Amino acid sequence: MRARTSRAAVLTAPYTLEIHDVPLPEIGEDDALLRVEVCGISGSDVHKFGRDVEPFILGHEPVGTIEAIGPVASQRWGVQAGDRVGVEPALRCGKCAACRAGENMGCTDTRLQGLSVRAHASLPLSLEPRLWGGCAEYMYLDRDAMVHKVPDGVLLAEAALLNPLASAIEWSVLVPETRMGADVVVLGAGQRGLLCVAALREAGAGTIVVTGLRRDAHKLEVALKLGADRVVCVEDEDVFDAVSDATGGTMADVVIDVTPNATQPIVDAIRVVKRGGTIILAGVKWGKEVPGFVSDQLVIRHITMRGVQAASSDSFAMAMRVLERGRHPLHLLHSHSFPLDRAADAIRTLSGELDDGTPAISVTINPSMEVRA
Ligand SMILES: [Zn+2]
């Protein structure tokens, strides 16, 4: 018999995560209940962790097994009870102007309180049926949730990479329309930067250069194992010289900035992109201005600069196929798993505040790691 409540990691105040027991909802014709097996932690969780927000359940990268599902939802998502699925962070009505235009996070439907961001782990705990986040034993799947079946044979630790891999595909391949043989620079060697390397190899990119800091030495090694041709420590080497060397002086067709906070990579991106090339900005700088940004460079050299956020359903579907084919050593990314009641430690490990000697790349919460008393 199923439990009547779900334990959930709730952010109640800045740097304060509490475990709450939340009643399980009744499932109707057009919704479902997910038993969460693993939930990835990302940089945006690190950012939210320190914010004063209305209490919500953390976690927007869940993978789990369908515990209960209504017939309408089952038909629409093509899944049944017992299937393992990955869930997109966004909730989309599919009918509003933003949804029809293909915006990833812009749905303006007002059914769920008219909230500005319709995404899991952004909806508050006070909104019924409350289980909106993935850092919980169970998660509610609203009719506007976007669900993808995990094929048999995909390991759980790899399935946990679905969300960041979808973003990597969106940012490095789909949005810049990266062609076979294109030379690409990825600025930043975190989880998403590394997954960009796998996505670019899958797409047939030419030379791939990845940058990082001295403290990223381990991640840059992983980048090479995933198929990067050249890695650059920006504290020891000039990025322009390294890219010029790697591309035989032609520079990059596409540059993707996935670094959080740092603004210098935006200036570097303009330096290393070729005339007519494309720069994708995917790293959020939390409102900072960019010193040294000279817009004339874009004008004179016909550079396209485009911002992206999150991923489309197409990218999620492609990410699932990449996981199913299993051509990339993605297991190298998995560094840490934590039980639910150590969700705060998971965030502090990803941010670098906690250091157990293993460099953090993919950090997950596994709600079944602990035994229920
Ligand atoms: Zn919509």
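The values are calculated or read from the model by the stated rules, or taken from the named source; none is laboratory data. These figures come from a predicted structure and were not determined experimentally. Using ideal geometry, Cβ is built from the backbone for each residue, glycine included, and neighbour counts are taken over all protein chains shown. When the accessible area is computed, the model is the full protein with side chains, heavy atoms only, and any ligands, DNA or RNA have been set aside. Shrake-Rupley method; radii C 1.70, N 1.55, O 1.52, S 1.80 Å.
Summary table below
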quantity: So residue 93, is it in a loop (DSSP other than H, G, I, E, B) and within 16 Å of the ligand (Cβ to nearest atom); calculated: yes
quantity: Test: residue in segment 105-119 that is aliphatic (A, V, I, L, M), modelled with pLDDT of 90 or more and within 16 Å of the ligand (Cβ to nearest atom); calculated: no
quantity: Among the residues listed as 61, 67, the single one being within 15 Å of the chain's Cα centre (by Cα) and either surrounded by fewer than 17 Cβ atoms within 10 Å (Cβ to Cβ) or modelled with pLDDT of 90 or more (or both); calculated: 61
quantity: Selection from segment 110-125 of residues that are at positive phi, open to solvent by less than 50 Å² (accessible area, probe 1.4 Å) and in contact (Cβ under 8 Å) with a residue 12 or more places away in the chain; calculated: 121
quantity: Condition broken by residue 7, with the remaining ones in (1) within 24 Å of residue 347 (Cα to Cα); (2) charged (D, E, K, R); (3) in a loop (DSSP other than H, G, I, E, B) satisfied; calculated: (3)
quantity: Selection status of residue 198, of a type in the set (Gly, Ala, Ser) and touching a helix residue (DSSP H, G or I) at 6+ places or on another chain (Cβ under 8 Å); calculated: yes
quantity: Qualifying residue in segment 272-285 (condition: assigned to a helix (DSSP H, G or I), open to solvent by 70 Å² or more (accessible area, probe 1.4 Å) and more than 28 Å from residue 14 (Cα to Cα)); calculated: no
quantity: Residue satisfying condition, being within 16 Å of the ligand (Cβ to nearest atom) and out of contact with any Lys or Arg (no Cβ under 7 Å at 6 or more places or on another chain), within set 102, 86; calculated: 102
quantity: Number of the condition not met by residue 260 [criteria: (1) open to solvent by 10 Å² or more (accessible area, probe 1.4 Å); (2) at pLDDT 95 or above]; calculated: (2)
quantity: Residue 31 being in contact with a Lys or Arg (Cβ under 9 Å, 6 or more places away or on another chain), in contact (Cβ under 8 Å) with a residue 60 or more places away in the chain, away from the ligand (no atom under 16 Å from the Cβ) and under 18 Å from residue 313 (Cβ atoms); calculated: no
quantity: First in segment 80-109 and on the phi > 0 side of the Ramachandran plot, second anywhere and more than 8 Å from the ligand (Cβ to nearest atom) and open to solvent by less than 50 Å² (accessible area, probe 1.4 Å), Cβ under 8 Å, 6 or more apart; calculated: 82/65; 82/66; 102/312
quantity: Some residue of segment 155-162 being open to solvent by 10 Å² or more (accessible area, probe 1.4 Å), away from the ligand (no atom under 16 Å from the Cβ), more than 15 Å from the chain's Cα centre (by Cα) and of a type in the set (A, V, I, L, M, F, W, C); calculated: yes
quantity: So residue 242, is it within 14 Å of residue 254 (Cα to Cα), outside the structural domain of residue 363 (by TED's automatic domain parsing) and either open to solvent by 10 Å² or more (accessible area, probe 1.4 Å) or part of a helix (DSSP H, G or I) (or both); calculated: no
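Conditions (1) open to solvent by 20 Å² or more (accessible area, probe 1.4 Å); (2) touching a helix residue (DSSP H, G or I) at 6+ places or on another chain (Cβ under 9 Å); (3) in the same structural domain as residue 138 (by TED's automatic domain parsing), marked per residue:
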| residue | (1), (2), (3) |
| --- | --- |
| 287 | yes, no, no |
| 290 | yes, yes, no |
| 298 | yes, yes, no |
| 301 | yes, yes, no |
| 319 | no, yes, no |
| 340 | no, yes, yes |
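Table: residues versus (1) open to solvent by less than 10 Å² (accessible area, probe 1.4 Å); (2) within 20 Å of residue 40 (Cβ to Cβ).
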{"residue": "73", "(1), (2)": "yes, no"}
{"residue": "80", "(1), (2)": "no, no"}
{"residue": "95", "(1), (2)": "no, no"}
{"residue": "127", "(1), (2)": "no, no"}
{"residue": "131", "(1), (2)": "yes, yes"}
